[in-house]
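Since the structure comes first, as structure tokens, the remarks are kept for the end.
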Amino acid sequence: MRFSKQLFATLAIFSTLYPVSALACACGCGVFDVSTSAMLPTHEGGMAFLEYDFMNQNKNWAGTSRAPAANDDDKDIKSSFVTVGAQYMFDRAWGAAIEVPATQRHFSTTDDDTANIDRFNHAAVGDIRLKGIYSGFSPDMSSGITFGIKLPTGNYQYHGFDRDTEIGSGSTDVLLGAYHMGTLVGMWNWFANGQLDQPILTTAGYRPGSELDASTGIYYNGWVIGSVKVAPLAQFTNSYRLHDRGMAANPANSGYERVLFSPGVEVDMSGTKLDGSIGTPVYQQVRGNQLTAGQLFSFTLSRGF
């Protein structure tokens, strides 16, 4: 327990090294990488999962408030993310995970020459993530760290898309994370989960901004209907991201801080788990003019093996 407090204190201090800015991928999709407790390892063995996330960015934002749509050439970014993944704990200390995402994106933007609205649609495999897991800090595996790499497998050259709206970033990133699960009182439990995404190798004049996402929440683990466990949950997610850099970037209109409140529910049906949440921004501060979403939807179906 003492170690877990030190671990998250270090993560919190580390996050303050990054100024309030952000978005290399205009969608801010890294927020979906800090999952609820249903996706954290608790025993030896494996788990396969299918995740669906959705956001519709159709509101122009400047600073901490909504701004006129005319101030932003981009008008709409609608994204559906489907991720297939698996993780396996070889023992109570070490494990590995893989995540293979695919994205379908609609992008509406203003043509610089005609001032007409151009609309583009693209679907492709995104940037694959490979991670290691260490959970040997305590006998109950309640604390752990993750470490890995994001590969530049996603398409970053699709016609009509800007580099910050492409499905792939074109960069190779180091991923570092930490998590902890604990008991509050009775059947009330809590969790915290954070991840840093740091680009190290970039291409074609575009460096995505470094991103830190952290989530903390509580859930009630005492509802049982027959053989089905139902756990309502509430969580807050905080995202920081540095502005993009490079000749192909738009640093004046990239970068944000965002806090989401996401109520949801986890359902456990004899080893098959379904969890879903709807995130609503309660605070946003963006650099320049950027499109934001009113809600973020996330659903995950998983099965242990």
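The values are calculated or read from the model by the stated rules, or taken from the named source; none is laboratory data. Nothing here was measured: the structure is a model prediction, and the numbers come from that model. All Cβ positions, even for glycine, are placed from backbone atoms using ideal geometry, and neighbour counts span all protein chains on display. The accessibility values were calculated without ligands, DNA or RNA, using every heavy atom of the protein model including side chains. Shrake-Rupley method; radii C 1.70, N 1.55, O 1.52, S 1.80 Å.
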Worksheet item: What ranking of Ile278, Ile133, Ile128, Ile225 comes out by heavy-atom accessible area, probe 1.4 Å, highest first?
Response: Ile225, Ile278, Ile128, Ile133
Practice prompt. Return the calculated 222 nm mean residue ellipticity for the chain, to the nearest 500 deg cm²/dmol, obtained by summing -39500 (n - 2.57) across DSSP H runs with n ≥ 4 and dividing by the residue count.
Written response: -1500 deg cm²/dmol
Worksheet item: Just Glu99, Glu266, Glu44 to compare: in a GNM of the chain, with alpha carbon springs under 10 Å, which one fluctuates most?
Response: Glu44
Practice prompt. Please determine, in degrees from 0 to 90 and to the nearest 10, the orientation of helix 2-15 with respect to the longest principal axis defined by the Cα atoms of the chain, where the helix direction is its Cα long axis.
Written response: 0 degrees
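Per residue, how much accessible surface does the chain expose to a 1.4 Å probe? Answer in Å², no decimals. Write down the numbers at each step before the final one.
Numbers: 13800 Å² over 305 residues.
Per-residue value: 45 Å².
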Worksheet item: Between Ile149 and His106, what FRET efficiency comes out of the Förster formula 1/(1 + (r/R0)^6) with R0 = 25 Å and r the beta carbon distance, rounded to 0.05?
Response: 0.30
Fill in: Interchain or long-range residues, amide H under 5 Å from Ala67's placed H
Asn60, Trp61, Ala62
Worksheet item: Hey, if we sort Ile145, Ile218 by accessible area with the 1.4 Å probe, largest down, what's the order?
Response: Ile218, Ile145
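Beyond 29 Å between alpha-carbons counts as too far, so tell me which of Lys150/Lys273; Lys78/Lys229; Lys75/Lys131; Lys59/Lys273 fall in that bin.
On the way: Lys150/Lys273 26 Å; Lys78/Lys229 34 Å; Lys75/Lys131 35 Å; Lys59/Lys273 33 Å.
Listed pairs above 29 Å: Lys78/Lys229; Lys75/Lys131; Lys59/Lys273.
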Fill in: Gap separating the Cα centres of region 108-172 and region 231-305, nearest whole Å
14 Å
Worksheet entry | Carbon plus sulfur fraction of accessible area for region 154-201, probe 1.4 Å, in percent | 61 percent
Worksheet item: Rounded to the nearest 20 Debye, what is the dipole magnitude of the chain about its Cα centre when Lys and Arg each give +1 and Asp and Glu each give -1 at the C-beta?
Response: 660 debye
Item to complete: DSSP loop (so not H, G, I, E, B), at most 11 other Cβ within 10 Å: list which chymotrypsin sites (Phe, Trp or Tyr not before Pro) in region 248-300 pass both filters.
Response: none
